[in-house]
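Take a look at the structure below.
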Amino acid sequence: MTGLYPIHTGMQGYPMLAAEPRGLPLRKILPQYLKDLGYVTRAVGKWHLGFYRKEFTPTYRGFDSHLGYWTGSISYYDHIVQDIYPDGNILSGHDFRRNMDTAWNLEGQYATEVFTEEALRIIEQHDTGKPLFLYLSHLAVHAGNTGKLLEAPQEIINTFRHIKEPNRRTYAAMVSQMDESVGRVVEALHNRRMLNNSIIVFISDNGAPSVGVFQNWGSNYPLRGIKATLWEGGVRGVALIWSPLLRQPSRVSDELMHVSDWLPTLYSAAGGDITKLDSNLDGVDQWSSLVYDEKSPRRQVLVNIDEREKTAALIIGDWKLVVGTFGNNGSLDGYYGNSGNSASNPRYNTSSVINSRAWKSIASTRRPVTQADVNKLRQAATVSCSKETFVTQTNCNPSITNTPCLFNIHEDPCEQNNLSGSSTDIVTAMYNILVRHRQSLIPQLNRPWDISGADPARFNSTWSSWLD
């Protein structure tokens, strides 16, 4: 949304809880830039960028409309947010909005289906004489509330009986529903004859919380770490881009890209002059790299600096420097989740790919991938590591070990082999760059919870902009 590293927005720390009076700073963000280019802008699904005052909500930040929720997660059917605070307070309330109004009429409907239907309605009713930016941010496959972490229609869950672990079975059903959503959206674009001039980006925001808070039974195998860590399992995002505008399609790219790059990249793709963007953006225009399969213009990524937790990570080329430890005494520094390659699991069904809604729609615009292409792409995208048995490696807390950890993530994507002892010059150079980044850091904006003010009981059991 911002084109900035989190340290330049003050959002680099713990995610906002619902009763926290803060939000993404009120500077220009992606939908506002696209509106300058004449775009109609629609948001569907998760917001989680602040709502304690209305000016932090989607329709005040560049979106023409929004159907979804303002907080970090909701239950899939009742749309309730229940926040449990460290001081023992529990606040619970409804969080489902159409623009600024509570969408009570949608209570009891499965969130993935609701968001899909809204996206289809937007596409169907869109005036194709104007460009459209549709931001579809699914709840799936995030966990919901305690006691309702994972939810999906029972008839879909029943189709995955071969998965013995019940939570993994429900998780698979949730993924299946999201997959169906993508197909229906692509099909709708095809039916409106919009697909042949579309850019579709499908992206994850972080690795799975395989264990711990908001556990969803996802797996980052074989990568190290989980969500909320700076290990590859927490931050190496999976992304896909499709467009008939791409000159070199059907490929796997390992070029360096950061989430902040999407703002200048999409603005450039939409015909915008990137010299008119804020000169202080951290994001890099990657459009030419994506279209022509060129080298990425980005040479380094500041993964994050958390000045309170004293953790940081920096990537330069093939090298990654990790400072600090994650969880209680390194409890999240290991490897979590299974490979999914059990002999009891069916083989990947490539025929289902070429019979999918998305494949059939794409086939109308260009030569689609074949089953052989699918297998080749899956193989190219598979991360493999040198060791079959993963063990937690050296602690990366400089106060304990006197040095951060250093990994060559091209040769060792699973971060098993700490090279800091044999590559001290690289460690020193990268650490000095981290120090320079630290000088531009905006302190975290986290604020004390306003338990009494934000309490949904004050607002007809809904989460509302309580300081307006």
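Quick check on the stretch 85-103. Is at least one of its residues in a helix (DSSP H, G or I) and either loosely packed, with under 15 Cβ neighbours inside 10 Å or among the acidic types (D, E) (or both)? For the stretch 85-103, residues in a helix (DSSP H, G or I) and either loosely packed, with under 15 Cβ neighbours inside 10 Å or among the acidic types (D, E) (or both): absent. Filtering the stretch 107-127 to residues that are without any contact (Cβ under 8 Å) to a residue 60 or more places away in the chain, surrounded by fewer than 16 Cβ atoms within 10 Å (Cβ to Cβ) and assigned to a helix (DSSP H, G or I) leaves R121, Q125. What are the residues in the stretch 325-372 that are without any contact (Cβ under 8 Å) to a residue 40 or more places away in the chain, over 28 Å from R247 (Cα atoms) and among the charged types (D, E, K, R), if any? Correct list: R347 only.
The residues listed here are R298, R308, R347, R357; of these, the one that is at pLDDT 90 or above, at negative phi and loosely packed, with under 14 Cβ neighbours inside 10 Å is R308.
Here G62 fulfils each of the conditions (1) surrounded by fewer than 22 Cβ atoms within 10 Å (Cβ to Cβ); (2) more than 23 Å from the chain's Cα centre (by Cα) apart from (2). The residue that is surrounded by the fewest Cβ atoms within 10 Å (Cβ to Cβ), counting only those in the stretch 31-59 that are aliphatic (A, V, I, L, M) and touching a Lys or Arg at 6+ places or on another chain (Cβ under 8 Å), is V40.
Here G421 fulfils each of the conditions (1) farther than 26 Å from I7 by Cα; (2) touching a residue at least 40 places away in the same chain (Cβ under 8 Å); (3) among the small types (G, A, S) apart from (2). Among (1) touching a residue at least 24 places away in the same chain (Cβ under 8 Å); (2) within 18 Å of the chain's Cα centre (by Cα), there is one condition V213 misses while meeting the rest; what is its number? It is condition (1) that V213 fails. Report yes if some residue within the stretch 270-278 is in a loop (DSSP other than H, G, I, E, B), at pLDDT below 95 and either of a type in the set (F, W, Y) or within 23 Å of M11 (Cα to Cα) (or both); otherwise report no. Within the stretch 270-278, one or more residues are in a loop (DSSP other than H, G, I, E, B), at pLDDT below 95 and either of a type in the set (F, W, Y) or within 23 Å of M11 (Cα to Cα) (or both).
Checked against the criterion of being closer than 21 Å to S461 by Cα, out of contact with any strand residue (DSSP E or B) (no Cβ under 6 Å at 6 or more places or on another chain) and either at pLDDT below 95 or of a type in the set (S, T, N, Q) (or both), the candidates T102, T71, T57, T9 yield just one match: T57.
One line per residue, one yes/no per condition, for (1) surrounded by 14 or more Cβ atoms within 10 Å (Cβ to Cβ); (2) part of a loop (DSSP other than H, G, I, E, B); (3) not aromatic (F, W, Y):
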site: G129; (1), (2), (3): no, yes, yes
site: F133; (1), (2), (3): yes, no, no
site: L136; (1), (2), (3): yes, no, yes
site: I157; (1), (2), (3): yes, no, yes
site: V185; (1), (2), (3): yes, no, yes
site: A188; (1), (2), (3): yes, no, yes
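Residue pairs whose Cβ atoms lie under 6 Å apart, separated by 6 or more positions or on different chains, with the first residue in the stretch 450-468 and over 16 Å from H94 (Cα atoms) and the second surrounded by 14 or more Cβ atoms within 10 Å (Cβ to Cβ) and among the hydroxyl-bearing types (S, T, Y), are L467/Y52. Applying the selection to the stretch 391-443, what residues are at pLDDT below 95 and in contact with a Gly (Cβ under 7 Å, 6 or more places away or on another chain)? Within the stretch 391-443, T392, N395, C396, N397 qualify.
Of the set (1) out of contact with any Gly (no Cβ under 9 Å at 6 or more places or on another chain); (2) within 22 Å of A228 (Cβ to Cβ), all apply to N99 but (2). Among the residues making up the stretch 286-324, those that are without any contact (Cβ under 8 Å) to a residue 40 or more places away in the chain, closer than 19 Å to L240 by Cβ and not in a helix (DSSP H, G or I) are Q286, E294.
The values are calculated or read from the model by the stated rules, or taken from the named source; none is laboratory data. Given the structure is predicted, the values throughout are model-derived calculations rather than measurements. Ideal geometry is used to build each Cβ from the backbone, glycine not excepted, and the neighbour counts take in all protein chains shown.
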